[in-house]
Amino acid sequence: MNNLKNITTFYFVGIGGIGMSALARYFKMQGKAVFGYDKTSTDLTDELVAEGIPVTFTDEISELQSEVKVKHNVLIVYTPAIPKNNTILNYFISEEFQIVKRAQLLGEVSKNTLCLAVAGTHGKTTTSAILGHLLAACNMPITAFLGGIAENYNSNFIYKGSEITVVEADEFDRSFLQLRPDISCVTSMDADHLDIYGDASEIENAFTTFAELVDKKENVLIKIGLPLNGMAVAVQETADYEAQNVRVKDGAYLFDLKTPNEVIKDLTINLPGHHNLTNAIMAMGMALLAGASVSCLKNAIASFKGVKRRFSYKIKTDKLVLIDDYAHHPTEIDALHQAVEEMYPNNRKQIVFQPHLFTRTRDFAEGFARSLSQFDEVVLLDIYPAREEAIEGITSEWLLNQIDSQHKILVSKSDLAEVLSQSDCRVKLLVGAGDIGAEVNKLTQKFKDEA
């Protein structure tokens, strides 16, 4: 890749992706000309357009701007999620433009900085968002590229300087091996993306390689129990970084943090669930390793508001609690259940789940059935295909038949509002990584209008 300073124009194929859009915002802020294509318009692409980044939604060469076609000092960035038959990307390939994957570009941007990389099959978005917020709130010179919208900033991009980068290290397509972190963590290592890796042992090999990218073991934080070299992180278990004296007050956790050097008393995190407490410890440990002060961190952790679609309260009244969450793997649904049980032990709970990907539904059907069966009522939507073609026999009806519940139903989006209205469950969860997020806003407005 040529020196990035010489690149004047960037074109992002798949610019609406959460990681791609953060990079697009970064280069726009650097004064570069930034353009992009995506399949569909979303709130995120609307924001990019409003920020002065032209986005096209038609996969045709005629849509390309003249500034892009000059080729000189132009860099094309793409994500592995883009289909191989994409017309625009194939044009750039055939014309021999300079082309890089998003992960390569992220590695290039972060390589001459103090790089803090957050990896894990679950938890990396929340952990990196907490970490970015901690360092920003402590006025440290950071650039954070996040895989979700941090509520404090209403953005997936935080900029306070360029000496430190916080990056979400994505295991999809082994992208995280493009990074050269100075401090890293692994939040979890469950089998996922088996369409890429083939089996769980290959995922473990990739995470092992990632953990070894950092030379000093004390600069690698690992969730306790994972077979990786690093400093163990746990909640109320003996570990190098440990949450002790954990209690719940007004929907928040109060806890003490034991580190290898000290015990920091009376911290507060306003996110429910032990998985989020683990995420917070990971982020605080990395912030301390990066040089943040204890006094600053205490205030910063208490002020973190969360990540959109990660246990996001849409409505919270005596009659109805409506929660929006991105969970799309059995382990994440288990964590969600633990959190709502702890916060609302005496209320009935209804989950609406939209499975994401045919392969993931097939590979983890048993786990999904077990996780979903924990809720009082289960509502399934059809599988969201994303980048995949349908697989014969793998349907939401097939999954529904495996769920052990007296109250389970498969519905279309058009009937969702009526089904939710008829349920007497006080706690309702709208869950999945597909386009269920668009339904959340409609349902929230409906319930508010009826209140």
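When the residues of the stretch 426-451 are narrowed to those that are polar (S, T, N, Q) and open to solvent by 20 Å² or more (accessible area, probe 1.4 Å), which ends up nearest to the chain's Cα centre (by Cα)?
Asn441
Note down all Cβ pairs under 6 Å where the first residue falls in the stretch 6-26 and is more than 15 Å from Ala144 (Cβ to Cβ) and touching a residue at least 60 places away in the same chain (Cβ under 8 Å), the second is in a loop (DSSP other than H, G, I, E, B) and hydrophobic (A, V, I, L, M, F, W, C), and they're at least six residues apart or on different chains.
The qualifying pairs are Val13/Ile82; Gly14/Ile82.
Please tell me if Glu108 is farther than 17 Å from Thr187 by Cα, part of a loop (DSSP other than H, G, I, E, B) and not aromatic (Phe, Trp, Tyr).
Spelling it out, it is not the case that Glu108 is farther than 17 Å from Thr187 by Cα, part of a loop (DSSP other than H, G, I, E, B) and not aromatic (Phe, Trp, Tyr).
Could you please give the count of residues in the stretch 343-359 that are touching a helix residue (DSSP H, G or I) at 6+ places or on another chain (Cβ under 8 Å) and modelled with pLDDT under 95?
Qualifying residue count, the stretch 343-359: 2.
Answer with yes or no whether Val340 is open to solvent by less than 30 Å² (accessible area, probe 1.4 Å) and free of Cβ contacts under 8 Å to residues at least 40 places away in the same chain.
No: the conditions fail for Val340.
Restricting the search to the stretch 154-163, which residues are part of a loop (DSSP other than H, G, I, E, B) and at pLDDT 95 or above?
Once the filter is applied, which keeps residues that are part of a loop (DSSP other than H, G, I, E, B) and at pLDDT 95 or above, the stretch 154-163 yields Lys160, Gly161, Glu163.
Report yes if Arg370 is over 26 Å from Val248 (Cα atoms) and not β-branched (Val, Ile, Thr), otherwise no.
Considered against the rule, which asks whether it is over 26 Å from Val248 (Cα atoms) and not β-branched (Val, Ile, Thr), Arg370 comes out as yes.
In the stretch 57-73, which residues are within 14 Å of Gly14 (Cα to Cα) and crowded, with 17+ Cβ neighbours inside 10 Å?
Asp59
Given (1) closer than 24 Å to Asp334 by Cβ; (2) over 17 Å from the mean Cα position of the chain (by Cα); (3) charged (D, E, K, R), identify the lone condition not met by Arg309.
Among (1) closer than 24 Å to Asp334 by Cβ; (2) over 17 Å from the mean Cα position of the chain (by Cα); (3) charged (D, E, K, R), Arg309 violates only (2).
Every residue in the stretch 124-151 that is surrounded by fewer than 19 Cβ atoms within 10 Å (Cβ to Cβ) and either at positive phi or at pLDDT 95 or above (or both), please.
Asn139, Pro141
Looking at this structure, is Ile76 open to solvent by 20 Å² or more (accessible area, probe 1.4 Å), at pLDDT 95 or above and of a type in the set (A, V, I, L, M, F, W, C)?
no
Could you tell me whether any residue of the stretch 43-50 is open to solvent by less than 40 Å² (accessible area, probe 1.4 Å), of a type outside the set (Ser, Thr, Tyr) and over 25 Å from Ala169 (Cβ atoms)?
Scanning the stretch 43-50, I find no residue that is open to solvent by less than 40 Å² (accessible area, probe 1.4 Å), of a type outside the set (Ser, Thr, Tyr) and over 25 Å from Ala169 (Cβ atoms), so the answer is no.
Can you report the number of residues in the stretch 258-281 which are within 19 Å of Ala327 (Cβ to Cβ) and either small (Gly, Ala, Ser) or in a helix (DSSP H, G or I) (or both)?
Total meeting the criteria: 8.
Confirm whether Met20 is open to solvent by less than 70 Å² (accessible area, probe 1.4 Å) and either among the hydrophobic types (A, V, I, L, M, F, W, C) or more than 17 Å from Thr87 (Cα to Cα) (or both).
Yes; evaluated as a whole, the condition is true for this residue.
Being free of Cβ contacts under 8 Å to residues at least 12 places away in the same chain, within 16 Å of Thr127 (Cβ to Cβ), surrounded by 14 or more Cβ atoms within 10 Å (Cβ to Cβ) and not polar (S, T, N, Q) is the requirement here; does Ala211 meet it?
So Ala211 does not fit the description; no.
Any chance the stretch 216-234 includes a residue that's closer than 16 Å to His133 by Cβ, open to solvent by less than 30 Å² (accessible area, probe 1.4 Å) and not in a loop (DSSP other than H, G, I, E, B)?
no
Identify all residues within the stretch 241-257 that are more than 27 Å from Val321 (Cβ to Cβ) and either in contact with a helix residue (DSSP H, G or I) (Cβ under 7 Å, 6 or more places away or on another chain) or surrounded by fewer than 19 Cβ atoms within 10 Å (Cβ to Cβ) (or both); write none if there are none.
If the condition is that a residue be more than 27 Å from Val321 (Cβ to Cβ) and either in contact with a helix residue (DSSP H, G or I) (Cβ under 7 Å, 6 or more places away or on another chain) or surrounded by fewer than 19 Cβ atoms within 10 Å (Cβ to Cβ) (or both), then Tyr241, Gln244, Asn245, Asp256, Leu257 are the ones that fit.
Considering only the stretch 355-451, give the helices (runs of 4 or more DSSP H) lying wholly within it that have at least 2 residues that are over 22 Å from Tyr313 (Cα atoms).
358-363, 365-372, 396-400, 413-422
For the stretch 98-105, check the following and say yes or no: at least one residue is over 27 Å from Lys223 (Cα atoms) and without any contact (Cβ under 8 Å) to a residue 60 or more places away in the chain.
yes
Name every residue in the stretch 110-123 that is open to solvent by 10 Å² or more (accessible area, probe 1.4 Å), at pLDDT 95 or above and either under 21 Å from Val294 (Cβ atoms) or touching a helix residue (DSSP H, G or I) at 6+ places or on another chain (Cβ under 8 Å) (or both), in order of residue number.
Leu114 - this is the single residue of the stretch 110-123 that is open to solvent by 10 Å² or more (accessible area, probe 1.4 Å), at pLDDT 95 or above and either under 21 Å from Val294 (Cβ atoms) or touching a helix residue (DSSP H, G or I) at 6+ places or on another chain (Cβ under 8 Å) (or both).
For the list (1) aliphatic (A, V, I, L, M); (2) closer than 30 Å to Thr317 by Cα; (3) within 20 Å of the chain's Cα centre (by Cα), I need the number of the one condition that Ala252 fails.
(3)
Whether any residue in the stretch 282-302 is in a loop (DSSP other than H, G, I, E, B), on the phi < 0 side of the Ramachandran plot and open to solvent by 70 Å² or more (accessible area, probe 1.4 Å) is what I want to check.
no
Tally time: how many residues in the stretch 237-255 are hydroxyl-bearing (Ser, Thr, Tyr) and part of a strand (DSSP E or B)?
Counting residues in the stretch 237-255 that are hydroxyl-bearing (Ser, Thr, Tyr) and part of a strand (DSSP E or B) gives 2.
Quick one: Asp382 ticks every box in (1) at pLDDT below 95; (2) open to solvent by 60 Å² or more (accessible area, probe 1.4 Å) bar one, so which box is it?
Here Asp382 meets the rest and fails (1).
The values are calculated or read from the model by the stated rules, or taken from the named source; none is laboratory data. This structure is a prediction, so every number in the text was calculated from the model and none was measured. Cβ coordinates were reconstructed from backbone atoms using ideal geometry, including for glycine residues, and neighbour counts include every protein chain displayed. What goes into the accessible areas is simple: the full protein's heavy atoms, side chains included, and nothing from ligands, DNA or RNA. Shrake-Rupley method; radii C 1.70, N 1.55, O 1.52, S 1.80 Å.
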